[in-house]
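So the structure is just underneath, and the comments pick up after that.
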Amino acid sequence: MPRRTRQRAAIAAITFLAIGGFGYAQVGAPTNTLPNPYRSIENWGTLPEGRNWGSTSAVAIDPDGTSVWVAERCGESRPPNQIDQSQPFACAGSKLDPILKFDASGKLLKSFGAGLLVFPHGLHVDREGNVWVTDALGRNGMGHQVFKFSPDGKLLMTLGKPGTPGDGPDEFNAPSAVVTAPNGDIFVADGHGGRTNARIVKFDRQGKFIKTWGKKGSGPGEFDTPHAIAIDSQGRLFVGDRNNNRIQIFDQDGNFLAQWTQFSRPSGIYIDRNDIIYVADSESESATKSHDGWKRGIRVGSAKDGTITAFIPDPVEKASTTSTAEGVAADAAGNIYGAEVGPKRMMKYARQ
């Protein structure tokens, strides 16, 4: 069968899976062989002299469509389970700004946030240009919170109790990601596996608690590491349920609509204004053995019907831990930015 015919057949199969998946989608064949119409630009983004990139899972696009925001872990490259709790870790005790803004060429434009975060994990820039960051670990009375900053770095809102993990309406335990709806409602993907939470928490635009849904599990509306969250033009919530190797889709009241497995094991999700969805898989066949046969990389497709049109494979063919992008975003021109935890760098994938 000619290559183009195979690609069309694969896309047709994925479309069938996606449309039929409004309910309980079945896991299909790995989507590893789609075209890659992108050129890789390694080590994108220039830091000030003397500062090195640490792990980062957080990247977002400014409302101007070209500027790129990154939340970087202050040069830290060690995993949390290898850290002596009596020693400095990530941004705890650091004087570095973890929140960085770059232009499209990778030139640093501004930075802020020093002394406020422990472990920046999720990043979202709302329609007014405000910058939202989740702090996914606690240390020395800090962490387990969500912060809202103005575009110039003024702290506007804080959700959660500092350094106090919990599952109450004003608490988080390892919040992984945050997104806001057009009306200002706030949705936090709360939890990062293990004994942390596994839920979505909804607040109004003023930060008043509205509701929560989800629990640890693998059924519809249950989660095992809700690692990413995004909203499409219809207002549907897309949650990257990473340890369950799926995206779950909800309305904004928490009603389950669908699950999609064709985007592989989601660490990051970004949906642009045209409902193009970008999903980063940083763990298949490396950090986890529960998803063998699926390749790590970034899958690009439609949030409307679940079809996949492109696949950018991990630049590292063999890995034993998290690799390629965990955080993902795309600018108005369709260029993709990947925030890499394991390789400790930012990648840009230029549309060809």
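Kindly check whether there is at least one residue in region 186-194 that is part of a loop (DSSP other than H, G, I, E, B), out of contact with any helix residue (DSSP H, G or I) (no Cβ under 9 Å at 6 or more places or on another chain) and of a type in the set (Asp, Glu).
The answer is no; no qualifying residue exists.
How many residues does region 293-315 hold that are part of a loop (DSSP other than H, G, I, E, B) and either surrounded by fewer than 23 Cβ atoms within 10 Å (Cβ to Cβ) or not aliphatic (A, V, I, L, M) (or both)?
So the count comes out to 10.
Residue-by-condition table, conditions (1) in contact with a Lys or Arg (Cβ under 7 Å, 6 or more places away or on another chain); (2) not charged (D, E, K, R):
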| site | (1), (2) |
| --- | --- |
| Gly254 | yes, yes |
| Ala258 | no, yes |
| Pro266 | yes, yes |
| Trp294 | yes, yes |
| Arg299 | no, no |
| Asp305 | no, no |
| Ser323 | yes, yes |
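Could you tell me whether region 228-248 includes any residue that is under 17 Å from Ala339 (Cα atoms), at pLDDT 95 or above and of a type in the set (Phe, Trp, Tyr)?
Within region 228-248, none of the residues are under 17 Å from Ala339 (Cα atoms), at pLDDT 95 or above and of a type in the set (Phe, Trp, Tyr).
Given the criteria surrounded by 20 or more Cβ atoms within 10 Å (Cβ to Cβ) and either under 24 Å from Ala325 (Cβ atoms) or touching a residue at least 24 places away in the same chain (Cβ under 8 Å) (or both), does Asp241 qualify?
Answer is yes for this residue.
Residue under question is Ile336, and the condition is that it be out of contact with any helix residue (DSSP H, G or I) (no Cβ under 8 Å at 6 or more places or on another chain) and either among the aliphatic types (A, V, I, L, M) or surrounded by 19 or more Cβ atoms within 10 Å (Cβ to Cβ) (or both); does it hold?
Against the criterion (out of contact with any helix residue (DSSP H, G or I) (no Cβ under 8 Å at 6 or more places or on another chain) and either among the aliphatic types (A, V, I, L, M) or surrounded by 19 or more Cβ atoms within 10 Å (Cβ to Cβ) (or both)), Ile336 qualifies.
Which pairs turn up if I take residues in region 339-350 that are within 19 Å of Asn36 (Cα to Cα) and touching a residue at least 24 places away in the same chain (Cβ under 8 Å) and look for partners that are assigned to a strand (DSSP E or B) and among the polar types (S, T, N, Q) with beta carbon separation below 7 Å, at least 6 apart in sequence or on another chain?
Once the first residue is within 19 Å of Asn36 (Cα to Cα) and touching a residue at least 24 places away in the same chain (Cβ under 8 Å) and sits in region 339-350, its partners that are assigned to a strand (DSSP E or B) and among the polar types (S, T, N, Q) give Met347/Ser40; Tyr349/Ser40.
Identify the residue in region 188-205 that is touching a residue at least 40 places away in the same chain (Cβ under 8 Å) and of a type outside the set (Val, Ile, Thr) and, among all such residues, is surrounded by the most Cβ atoms within 10 Å (Cβ to Cβ).
The selected residue is Ala189.
Can you tell me which of Ser323, Ser290 is of a type in the set (Ser, Thr, Tyr), assigned to a loop (DSSP other than H, G, I, E, B), modelled with pLDDT under 95 and under 22 Å from Ala71 (Cβ atoms)?
The match here is Ser323.
So which of Ser218, Ser233 is in contact with an Asp or Glu (Cβ under 8 Å, 6 or more places away or on another chain), surrounded by fewer than 16 Cβ atoms within 10 Å (Cβ to Cβ) and closer than 16 Å to Gln259 by Cα?
Residue meeting the stated conditions: Ser218.
Would you mind listing the strands (runs of 3 or more DSSP E) fully within region 92-181 where at least 2 residues are more than 24 Å from Ala230 (Cα to Cα)?
Ranges flagged: 108-112, 131-139.
The values are calculated or read from the model by the stated rules, or taken from the named source; none is laboratory data. This structure is a prediction, so every number in the text was calculated from the model and none was measured. All Cβ positions, even for glycine, are placed from backbone atoms using ideal geometry, and neighbour counts span all protein chains on display.
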